[in-house]
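> Encoded as C-alpha cells, here's the structure I'll be asking about.
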There are 2 protein chains.
Amino acid sequence: QQQLHPSMLTQSVTMSWIPVSADSHFPIQNIPFGIFSTKSLPSWPRVGVAIGEFVVDLTALHNAGLLDDLGFPSSILTESTLNSFMNLERKYWRAVRARIQDLLSASNTDTRLSSNEVLKARALVPVEDVVMHMPATIGDYTDFYSSREHATNVGIMFRGKDNALQPNWLHLPVGYHGRASSVVVSGSDVVRPNGQLQVDKDDASKGSTYGPCRLLDYELEMAFFVGGQANPLGRPLTMAEAEDRIFGVVVMNDWSARDIQAWEYVPLGPFTAKNFATSVSPWVVTLDALNDFRCATSAGEAQTNPEPLPYLQDPEYGRSSYNVRLEVQIQGPQDTTPSTVSVSNLKYMYWNFKQQLVHHSVTGCNMKAGDLLGTGTISGPTDDSLGSLLEGSWRGSREVPMANSTETPAMRKFLKDGDTVIMSGYAQGEGYRVGFGAVSGKVLAAGSTTKEAAAAAAKAAADATNAAGPRNLKLYSYWRSTSSWRVRLALALKGLSYEYAAIDLLPLVGNTTELIDAELRAKNPLDQVPLLEFTDAQTGET
Amino acid sequence: QQQLHPSMLTQSVTMSWIPVSADSHFPIQNIPFGIFSTKSLPSWPRVGVAIGEFVVDLTALHNAGLLDDLGFPSSILTESTLNSFMNLERKYWRAVRARIQDLLSASNTDTRLSSNEVLKARALVPVEDVVMHMPATIGDYTDFYSSREHATNVGIMFRGKDNALQPNWLHLPVGYHGRASSVVVSGSDVVRPNGQLQVDKDDASKGSTYGPCRLLDYELEMAFFVGGQANPLGRPLTMAEAEDRIFGVVVMNDWSARDIQAWEYVPLGPFTAKNFATSVSPWVVTLDALNDFRCATSAGEAQTNPEPLPYLQDPEYGRSSYNVRLEVQIQGPQDTTPSTVSVSNLKYMYWNFKQQLVHHSVTGCNMKAGDLLGTGTISGPTDDSLGSLLEGSWRGSREVPMANSTETPAMRKFLKDGDTVIMSGYAQGEGYRVGFGAVSGKVLAAGSTTKEAAAAAAKAAADATNAAGPRNLKLYSYWRSTSSWRVRLALALKGLSYEYAAIDLLPLVGNTTELIDAELRAKNPLDQVPLLEFTDAQTGET
C-alpha cells in the first residue's frame, strides 16, 4: 500500500486501506459527514467524510461515478451544506455510509478508489489542508435541559435541595427555542458579550447596569441534527418514527453569560445571555455509527417514577442512550497545554434524543431537516464530571483547578479573556473509537472584532461596490448564439446587470468579411460573440 | 381611463390612475410588498405589491424593463421570497417603492405602465385571482413582551397588583426566541394542539395529563421583518443604525395554548405552547409608508422612570411608535359575520421596534434580513382593547361578548373549534388609509388534518416516487453539442440522475448519412441529440 502521509506511520488498527491509529476519532466504523473546503480555495465548501487523518471529498467521488446507483441523485453530495442530504430518508444516509465503507475497506470490497492513484490524490485531502464549515444551514435551534444531574445541581443552587427539580421536570423534557443565526462552527472566536447586569444581585429593584459579562461560562452539550422529510404542521411525530428522523450528532458548547441571564430570564427564559454564540463540532456522527454504543441512561433501564405519558414512553429506553465520553478542557491565554476540567458522558441524560424530538412536536410543531436540538448541559454525579463552570465553581464559591496551566494560581471560577475552551467526545470500541473530534473556541475581550467580523466587513464593502449598479458590464451578443446565451445565464444567476449590445452575425456566418459592428471588431478582432466587456479587462469566448 | 374592475366603481380618493376606495388598505401611499401566485398557477410564487383591488406583478414590470436603473439587479424582484430584496440597503427599498408610485401615479409621472394596455393586462392581477404566500423565509423568529398594559394585566393575574411588572421589565424589552418553522401566512388553518396539561392547576405535584388544549387563545401582535446586511456576530447594532435595519411590518396572531404554557414554561419560557402556529398577514408595509403616522407611545414622550441605559435610549422616542388601529374579530363556526372583540393600537408599546432590535443584538447577536421580531401582545388600557382572551376573559372568570354572533349565548372565554380569528390594522390618513390587510386563521379540532398537511402528504408521496431512483432517464448526447449540454444542466439543477449514452455525431455533421448508433435512429429518426428518454414518453430537442 502507498504511504499517503507521515501520520499514518503510527501503529494502527486498520480495517481501512488508509491507516488509522487506534486513538483516531475517525476510523472506518465512523464515517461522519461534514462540510469542508481547502485552505487554498476556502470559498468552495462541499461535502466530505473524515477517515483517519484525511477528508474524503465526495464531490471527487461523485464526479468519478463512485456514488452512482444509490437510489438518489448523488449530486446532492456535492452541495455546500448537508441540508439536502439530511432531507432524504435514513435508508439513503445508510447507503452512502455503506458505499464509502466499501470503498475504504481494506478487504477490497470495492477497489475503484483504492486502486486509482489519480483519484486517490484528488479525493483524499489531508486534514491539515482543510477548513471546516457549518455542516448545515440551521432552520431552527432548540436547547433542552435534560440531564437530571445538571438540573438538580442548578436547582439546589437557586432553590435549595428540597425543590431542586421543578414539578414539570420529570414529566417532560424541558426545552426552549434558541437562536439559529449565532450557531458557529468550531474554531470561531467568541467575543465576551456586553449586556445588562443586575446592579445588586440581592436586590433587583436597584435595576441594571451595562457592561462586559463577568460570569462567562461554557455548557458541555451534545446536539443532533434532524433529518428526513418534515412532518406537516399539526401532525406530531411518534416515538416509532423518531429515530429515523435523527440524522446525526455533534458536540456543542452553549456559551452562557450567567450574570446577564440571571437578570433577563424572568419570566420568558434566556435570551441575550445565550444568543451571542453557540459552537458545534464540524463532523456529524450518524446514529448508525453509534449503534454499537447504545446503553441505558444514568436513570437506569426505565423511567418509572413517574412513568412518562404514553406519547413519551420509549420501549427501548434502556438502550436509547449512547456511551459517549465527553471531556472539557480549558487552555489559558499563556498556556501551551490545555487542562482537562471535566469528564462527563452522554448517558447522564434523563430524556433521550427520541423523547426530545417527539416532545418538541407534541403540539404539532413541524420538525425539519437541518434543525439542531441540543441536549442541555450534561453533568455527571461527581465534582469532576460537571458540564459548566457554574456547577464546577458552585456559583463562584470555589475554584476549578487547571492541572496543566502555568498560571499561579492555576484555576477558574468563570472564563477569562484569552481562554480557549475545547470539548471533545468519543465512544470506545475494541481497538477503535467512534469520535466526534472537538469543538473549540477562544474568548476575546469585550468589544473585540473577530476575524470573521473583519472578513465580513471586507466582504460587505466589496458587495456594496458590486451591488452599486451595473459594473460597466457590456455584453456583445447575437440572439442565436448559444455561447452568448450561456454567458447571459451566468450573469442572471450571479444577479449581475449589464448593458446589452445586439450584434447581427449573419453576414459573418455567410463568410462575408464585411464588418457589421465596428465597435465589436475594435474590441475583438475575431468578430466573435460573446464579448463581455468590463472596466478593467475584456473576456472573450473562453 | 379604462375601468379595470367593478370594485373600482366605488367612490375613491384616487391619486393612482387605478381607482382606490377611501377605505382600502392599499392606496398609492402604501405599496406593501408580498409574495403571491395566481390560483391558476399556484406553484409560481413571486413578488408583488398591493394597490387597491389589484396585485402588481413585479416580474411583469421587470420583464418589461420598468424596474431597470434602480441601482441593483432587479431580477431580485422576480424571486419567490423577499429575502434578497430585504437584504439590500434601505435606499433600494425606497427606490423601488418610489418607482412603483411613479408608475401608478395619476399625475402621469411615468406612463410606461398606464399607457401600455398589454402590460397592464399582464401586470395587474385582481386580488380574487391571487394566492398569498409567506413573504420571506424566516431565519429566526423572536417574540417580545413590550406592551406595558398587557404585561401589567398578566402580572396582576398571576402575581397581584403590587408585583405586576417583574423588576427587569422597565429596563429592557423582555423577549424570547420562538419557532420560525411554524410561522404561517394568513389563511392557514390551525389545529388545536394536544399537549401536556397540569392535572390540578393548584397542585403541580399531581403531575400532568395528555389531551387537547382547553384554553386556546390568540395574541394580537404586530411584527417586523429585519432588513439590510447582517451585523457580524459579536458587533451589536446601535440605535442610530436600527431604523434602516427594519424592512417592514405585518400583523401577527401568536396562537397560544394557555394551559400547556402554564405547566411547561418554568423555568425556561414558553415552548410547545407557542410553537404549533404563528400567523402573519401577507403584505409587508414599509416604515416609509408608515412615516406620516409616527406618534408617541402610551408611555408618553420619553421613558423617564427609569431612564433606559444609554444603548437603549432613543432620542426620537416620542415619535418612534406608529398610530395603527388594530382590531380582533372572532367568527363562530355557524356565524356569517365576524364580531369585533377588541380594538387596540400599536402605540400601546413601551419599547419600540428600534429598541427591540438594538436590545436583541446587545450581546452581539447577528440580525439577518428575513428575521421576524414580534411585539408581544398589544393591549390597551380598557376592557375593549385587550389583545388576548386571557385578558378579555380575565383568566376565564368572565365572558367576552360576540356582538354579531347568532350563538346563544354569544360569548367566549377561550377559542372553540371552528372559530375563525381575524386581525387587521390600518393607519388613518386624510381621505386614505395605510393598511395591513388581515391575518386570519380557523381553529380545527384536535387531531384534524389541515389542507396544507394533506397537500404535503400527497407531495411527499410524489417526491418519494421521484427520489426512488433514476426514473429510467436516458440521455443520448454528444459531448460537443451545446443543446445536449443544456439538457445536462437542467437535469443537474433538478437533481435528476440519468443514464448517459454517448453518441458520435461527426459522421452526421459531415453530411454522411451513415448511422452511428442504430439505437438512436430507432428512437429519433432525425438522428439528433439530445434525446431524453423516459419510461412513458420521449422528448426530442424541443
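> Any residue at all in the range A:444-465 that is within 17 Å of residue A:340 (Cα to Cα), of a type in the set (Gly, Ala, Ser) and assigned to a loop (DSSP other than H, G, I, E, B)?
Taking every residue of the range A:444-465 in turn, none turns out to be within 17 Å of residue A:340 (Cα to Cα), of a type in the set (Gly, Ala, Ser) and assigned to a loop (DSSP other than H, G, I, E, B).
> Go through the range B:171-183 and give me each residue that's more than 7 Å from chain A (Cβ to nearest Cβ) and not in a loop (DSSP other than H, G, I, E, B).
Selection gives B:183 alone.
> Okay, moving on. Pairs only if they're at least six apart or on different chains, beta carbon under 6 angstrom, first in the range B:1-28 and farther than 19 Å from residue B:436 by Cα, second surrounded by fewer than 20 Cβ atoms within 10 Å (Cβ to Cβ) and at pLDDT below 50; list them, first residue then second.
B:17/B:1
> Here's something else I'd like to know. Of all residues in the range B:445-466, how many are crowded, with 18+ Cβ neighbours inside 10 Å and hydrophobic (A, V, I, L, M, F, W, C)?
Selection size over the range B:445-466: 3.
> Same structure again: Going by what's in this entry, would residue B:411 be described as touching a strand residue (DSSP E or B) at 6+ places or on another chain (Cβ under 8 Å), buried (at least 22 other Cβ atoms within 10 Å of the Cβ) and either of a type in the set (A, V, I, L, M, F, W, C) or in the same structural domain as residue B:291 (by TED's automatic domain parsing) (or both)?
no
> Next up: Only one of these conditions is not met by residue A:120: (1) closer than 24 Å to residue A:37 by Cα; (2) assigned to a loop (DSSP other than H, G, I, E, B); (3) of a type in the set (D, E, K, R). Which number is it?
Every condition holds for residue A:120 apart from (2).
> Going through the range A:226-259 one residue at a time, which ones are within 11 Å of chain B (Cβ to nearest Cβ) and either in contact with a Pro (Cβ under 7 Å, 6 or more places away or on another chain) or part of a loop (DSSP other than H, G, I, E, B) (or both)?
Selection gives A:228, A:229, A:230, A:231, A:232, A:233, A:234, A:235, A:236, A:255, A:257.
> Another one. Where in the range A:320-413 are there strands (runs of 3 or more DSSP E), lying fully within it, with 1 or more residues that are β-branched (Val, Ile, Thr) and within 23 Å of the chain's Cα centre (by Cα)?
A:325-331, A:339-345
> Separate question: Contact list please: Cβ distance under 9 Å, first residue in the range B:391-403 and in the same structural domain as residue B:331 (by TED's automatic domain parsing), second residue in a loop (DSSP other than H, G, I, E, B) and of a type in the set (Ser, Thr, Tyr), pairs at least six apart or on different chains.
B:391/B:377; B:391/B:379; B:399/B:393; B:400/B:393
> Right, something else. Say we look at the range A:333-348 and pick out the residues that are surrounded by 22 or more Cβ atoms within 10 Å (Cβ to Cβ) and in contact with an Asp or Glu (Cβ under 9 Å, 6 or more places away or on another chain); which of these is farthest from residue A:392 (Cα to Cα)?
Out of the qualifying residues, it is A:348.
> Restricting the search to the range A:404-426, which residues are of a type in the set (S, T, N, Q) and touching a residue at least 24 places away in the same chain (Cβ under 8 Å)?
A:404, A:405, A:406, A:420, A:424
> Looking only at the range B:163-192, count how many residues are of a type in the set (D, E, K, R) and either closer than 25 Å to residue A:195 by Cα or out of contact with any helix residue (DSSP H, G or I) (no Cβ under 9 Å at 6 or more places or on another chain) (or both).
Of the residues in the range B:163-192, 2 are of a type in the set (D, E, K, R) and either closer than 25 Å to residue A:195 by Cα or out of contact with any helix residue (DSSP H, G or I) (no Cβ under 9 Å at 6 or more places or on another chain) (or both).
> Mind checking whether some residue in the range A:305-319 is touching a Lys or Arg at 6+ places or on another chain (Cβ under 6 Å), buried (at least 22 other Cβ atoms within 10 Å of the Cβ) and away from chain B (no Cβ under 14 Å)?
Checked the range A:305-319: no residue is touching a Lys or Arg at 6+ places or on another chain (Cβ under 6 Å), buried (at least 22 other Cβ atoms within 10 Å of the Cβ) and away from chain B (no Cβ under 14 Å).
> Now for a different question. Has the range A:190-200 got any residue that is of a type in the set (Gly, Ala, Ser), closer than 30 Å to residue A:38 by Cα and buried (at least 23 other Cβ atoms within 10 Å of the Cβ)?
No, the range A:190-200 contains no residue that is of a type in the set (Gly, Ala, Ser), closer than 30 Å to residue A:38 by Cα and buried (at least 23 other Cβ atoms within 10 Å of the Cβ).
> When you scan the range B:422-439, how many residues do you find that are touching a Lys or Arg at 6+ places or on another chain (Cβ under 8 Å) and crowded, with 22+ Cβ neighbours inside 10 Å?
Final tally of qualifying residues: 3.
> Next up: So, residue A:450, is that one modelled with pLDDT under 95 and in contact with a strand residue (DSSP E or B) (Cβ under 9 Å, 6 or more places away or on another chain) or not?
Yes, satisfied.
> Here's another thing I want to ask about it. Here's a check for you: in the range B:82-98, which residue that is in contact (Cβ under 8 Å) with a residue 60 or more places away in the chain and charged (D, E, K, R) is nearest to the other protein chains (Cβ to nearest Cβ)?
Per the criteria, the residue is B:89.
> Then there is this: Going by the conditions given, is residue B:114 in contact with a Phe, Trp or Tyr (Cβ under 7 Å, 6 or more places away or on another chain), modelled with pLDDT of 95 or more and within 12 Å of chain A (Cβ to nearest Cβ)?
Spelling it out, it is not the case that residue B:114 is in contact with a Phe, Trp or Tyr (Cβ under 7 Å, 6 or more places away or on another chain), modelled with pLDDT of 95 or more and within 12 Å of chain A (Cβ to nearest Cβ).
> Of everything in the range A:187-210 that's of a type in the set (Gly, Ala, Ser) and in contact (Cβ under 8 Å) with a residue 24 or more places away in the chain, which residue is farthest from the other protein chains (Cβ to nearest Cβ)?
My answer is A:187.
> Scanning the range A:281-300 for residues that are modelled with pLDDT under 95 and part of a loop (DSSP other than H, G, I, E, B), which turns out surrounded by the fewest Cβ atoms within 10 Å (Cβ to Cβ)?
Checked the range A:281-300; the qualifying residue surrounded by the fewest Cβ atoms within 10 Å (Cβ to Cβ) is A:298.
> Read through the list (1) within 14 Å of chain B (Cβ to nearest Cβ); (2) modelled with pLDDT of 95 or more, then give the number of the only condition that residue A:267 fails.
(2) is the only condition that residue A:267 fails.
The values are calculated or read from the model by the stated rules, or taken from the named source; none is laboratory data. Keep in mind the model is a prediction, meaning the values are calculated, not measured. In this analysis, Cβ positions are derived from the backbone assuming ideal geometry, glycine residues included, and neighbour counts consider all displayed protein chains.
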